[in-house]
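Enquirer: What follows is a single structure, and I will ask about it in a moment.
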Amino acid sequence: TLSRAEEGRLGLAPAPADLREVVARAVERLRPQVEDAGLGLHLSPSPQLVPVSVDADRVAQVVTNLVGNAVRATPAGGRIDVAVGAGGGSAVVVVTDTGEGLAAEDLQRVFERFYRVPERRRAPGEGGSGIGLSIARGILAAHGGSLEAWSPGRGGGATFTVRLPLAPGAR
């Protein structure tokens with residue numbers, strides 16, 4: 001999947017969708033896992049329709065990756081917030097956690113193939129190949145979108161922002 005994403009050969013099947021519904025379905029599928037980890041999960045969808053033309057399964061894969069990463073980076077008692085809306089002419093999904101955060105030097109490196117943040121807490125037996133964010137970024141790029149990371153630093157949580165084009169004719 002990573003190779004296909006990097007080569008722009010994902011074979012997307014875009015269709016009109018309300019991004020709020022795509023994200024809500026992905027988040028609700030993950031809710032039991034998040035709650036089992038002792039975390040709070042809050043979804044804040046825009047009150048207005050967020051019309052996009054996307055491969056809903058692939059966008060759900062991106063949301064699943066971002067929330068899954070937030071679960072692994074956030075100790076019990078923490079929180080994950082997922083917001084969906086439109087701004088600046090784009091559809092936007094923001095995933096924020098109260099977890100470990102990222103050092104400034106890791107903010108771009110997390111999207112590199114096989115990169116794993118050093119000194120990150122890991123549960124016994126926790127794997128991860130370091131390609132999830134690379135794939136997510138490739139999926140979004142294939143949709144004409146982007147994925148960015150922000151963190152105030154180690155211990156301060158992290159925020160991942162997805163931007164996708166609004167459907168033609170949408171404001």
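Enquirer: Roughly how much of residue 35 is accessible, in Å² to the nearest 10, using a 1.4 Å probe?
Expert: 110
Enquirer: With a 1.4 Å probe and all protein chains left in place, how much accessible area per residue does the stretch 1-106 have, in Å²?
Expert: Details: 4820 Å² over 106 residues.
Here the residues of the stretch 1-106 average 45 Å² of exposed surface.
Enquirer: A further question follows. What are the residues whose amide H is under 5 Å from the amide H of residue 153, where those residues sit 5 or more places off or on another chain and H is modelled from the backbone?
Expert: 102
Enquirer: While we're here: For residue 106, tell me the accessible area in Å² from a 1.4 Å probe, rounded to the nearest 10.
Expert: Per-residue accessible area (residue 106): approximately 10 Å².
Enquirer: Starting from the Cα of residue 105, step 7 Å toward the Cβ, then list every residue of the stretch 65-83 with an amide N under 11 Å from that point.
Expert: Within reach of a label on residue 105, which here means backbone N under 11 Å from a point 7 Å along Cα→Cβ, the stretch 65-83 contributes nothing.
Enquirer: For residue 71, tell me the accessible area in Å² from a 1.4 Å probe, rounded to the nearest 10.
Expert: Counting only protein heavy atoms, the figure is 20 Å².
The values are calculated or read from the model by the stated rules, or taken from the named source; none is laboratory data. As the structure is a computational prediction, the values presented were derived from the model and not from experiment. Every residue, glycine as well, gets a Cβ built from its backbone with ideal geometry; the counts of neighbours run over all protein chains shown. Please note that ligands, DNA and RNA were not included when accessible areas were found on the heavy atoms of the full protein model with its side chains. Shrake-Rupley method; radii C 1.70, N 1.55, O 1.52, S 1.80 Å.
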